[in-house]
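See structure below.
The values are calculated or read from the model by the stated rules, or taken from the named source; none is laboratory data. Just so we're clear, the structure is a prediction, and the values are computed from it rather than from any experiment. We place every Cβ from the backbone using ideal geometry, glycine too, and count neighbours over all the protein chains shown.
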Amino acid sequence: MDYILSITGHILEGCGLTLQIYFVTIIGAVPLAILFALGRTSGPKALDRALGIYAWIFRGTPLLLQLFFFYYGLTIFGISLPPFGAAALTFILNYAAYMMEIFRSGIQSIDKGQYEAAHALNLSYWQTMRRIILPQALKRTLPPSANEAITLVKDTALVVVIGMGEMLRSAKEIFTRDFSITPFVIAAIFYLLLTSVVINVFRTLEKKLEVYD
């Protein structure tokens with residue numbers, strides 16, 4: 001029992017970094033994705049095409065490769081990012097690309113009659129989006145958004161390749177030292193707990209947004 005408690009503390013230190021990356025990604029990617037989705041649905045064709053290329057690149061290449069590019073590749077251009085900065089930038093741009101397409105499909109699924117009704121009420125574009133379109137679109141996109149949020153919990157483990165001591169790396173260090181599978185079991189439990197929290201958060205959001213059915 002003492003052994004489990006001692007290694008759990010070390011793994012919890014890595015869990016702290018995992019949570020930092022997770023929340024920085026959510027805070028940065030979601031607003032960016034909404035703006036990009038609006039740009040694709042309501043902006044000029046040139047903006048739509050540019051954002052389409054952005055989505056094609058970030059959704060079509062591995063997240064691991066993107067991490068390598070922002071941490072190692074940018075040094076070719078004289079840009080050197082710290083590990084956390086490179087990880088945050090990579091995750092935000094990657095998840096914004098995925099979420100942008102999710103939100104875009106949600107916005108486009110709203111009946112055009114609601115736009116016409118908003119216009120008849122003399123609502124501006126931003127009032128229409130904020131009060132009518134986006135709340136409905138966000139509710140419709142909750143299931144795929146929840147999947148992305150769960151995937152993000154697991155993807156944070158990839159930062160180990162740029163030398164960051166997140167939860168999985170902490171467990172691996174203990175395994176290498178003690179040659180015991182216990183740290184991996186504890187790490188798995190923490191990952192399951194985190195994903196369970198995410199699932200419950202989205203269930204709560206879904207209930208709160210039932211008013212838009």
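A few points about this structure:
- Of the residues making up region 63-98, those that are β-branched (Val, Ile, Thr) and exposed (fewer than 13 other Cβ atoms within 10 Å of the Cβ) are 75, 76, 79.
- Cβ pairs under 6 Å, 6+ apart, first in region 76-90 and closer than 23 Å to residue 155 by Cβ, second part of a helix (DSSP H, G or I) and among the hydroxyl-bearing types (Ser, Thr, Tyr): 86/71
Residues are listed down the side, and each one gets a yes or a no for (1) closer than 27 Å to residue 141 by Cα; (2) of a type outside the set (S, T, N, Q):
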residue	(1), (2)
34	yes, yes
61	yes, no
65	no, yes
70	no, yes
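- Some residue of region 55-62 being on the phi < 0 side of the Ramachandran plot, within 19 Å of the chain's Cα centre (by Cα) and surrounded by 15 or more Cβ atoms within 10 Å (Cβ to Cβ): yes
- Helices (runs of 4 or more DSSP H) fully within region 137-213 that include at least 1 residues being loosely packed, with under 12 Cβ neighbours inside 10 Å and of a type in the set (A, V, I, L, M, F, W, C): 182-208.
- Filtered by the rule that a residue be crowded, with 17+ Cβ neighbours inside 10 Å, over 21 Å from residue 51 (Cβ atoms) and out of contact with any Ser or Thr (no Cβ under 8 Å at 6 or more places or on another chain), region 99-127 gives no residues.
- Just one of the listed residues (124, 145, 105, 109) is over 18 Å from residue 36 (Cα atoms) and hydroxyl-bearing (Ser, Thr, Tyr), namely 124.
- Residue within region 110-121 that is in a loop (DSSP other than H, G, I, E, B) and modelled with pLDDT under 85 present: yes
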